[in-house]
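The values are calculated or read from the model by the stated rules, or taken from the named source; none is laboratory data. The structure displayed is predicted, hence computed values, not measured ones. Neighbour counts are summed over all protein chains in view; Cβ atoms, including those assigned to glycine, are modelled from backbone coordinates with ideal geometry.
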Amino acid sequence: MAPSSAFAGSRLLRPLLNETRESLRQWAFAHQLSWIEDESNQDDTYDRNFLRLRVIPVLRERWPHFSEAVARSASLCAEQEQLLDEMLAAELASLGGRRWLAGYRAAGVDESAAPSGAAASLARRAAGADARPRGA
């Protein structure tokens, strides 16, 4: 999940993404806000909850800095994807711009996507991968 992403023709911002649950809970308490817990967060039949409730605690027990390492890796991957998107967008633009729109359509790429997103989507399709990573 990215801290900022395009969504439905606008920008979706997640400014608290890097905050821990505990830091948010403490902040809410300090500012006299009621903490409301979604009861589905404790349902480990959902994959995300199973990982958060059962798997990640074991990994943290063995490797105390596991969460920080994963967050750092995710951030680096996001930076690399952004760079790749920018490079692909520039490359596609240099190949003739609008005349490639037919190629986008033929490949099933959403032409309303941001140019860099469309470029990355086209590159993923050309490489034989799904146009969007699972969950994106």
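Quick one: would you say Q26 is over 22 Å from the mean Cα position of the chain (by Cα), assigned to a helix (DSSP H, G or I) and either assigned by TED's automatic domain parsing to the domain that holds S4 or of a type outside the set (V, I, T) (or both)?
So Q26 passes the test.
Anything in the stretch 1-53 that is among the hydrophobic types (A, V, I, L, M, F, W, C) and touching a residue at least 12 places away in the same chain (Cβ under 8 Å)? List them, or say none.
Passing the criteria: M1, A2, A6, L17.
If a residue must be of a type outside the set (A, V, I, L, M, F, W, C) and over 23 Å from P3 (Cβ atoms), how many such residues does the stretch 38-83 contain?
Number satisfying all stated conditions: 11.
Looking at the stretch 36-63 only, could you name the residues that are assigned to a loop (DSSP other than H, G, I, E, B) and either charged (D, E, K, R) or surrounded by 10 or more Cβ atoms within 10 Å (Cβ to Cβ) (or both)?
E37, D38, D43, D44, Y46, W63 - these are the residues of the stretch 36-63 that are assigned to a loop (DSSP other than H, G, I, E, B) and either charged (D, E, K, R) or surrounded by 10 or more Cβ atoms within 10 Å (Cβ to Cβ) (or both).
Let's see how each residue does on (1) among the aromatic types (F, W, Y); (2) at pLDDT below 85; (3) within 24 Å of the chain's Cα centre (by Cα):
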| residue | (1), (2), (3) |
| --- | --- |
| W35 | yes, no, no |
| L59 | no, no, yes |
| H65 | no, no, yes |
| L88 | no, yes, yes |
| E91 | no, yes, yes |
| R99 | no, yes, no |
| R105 | no, yes, no |
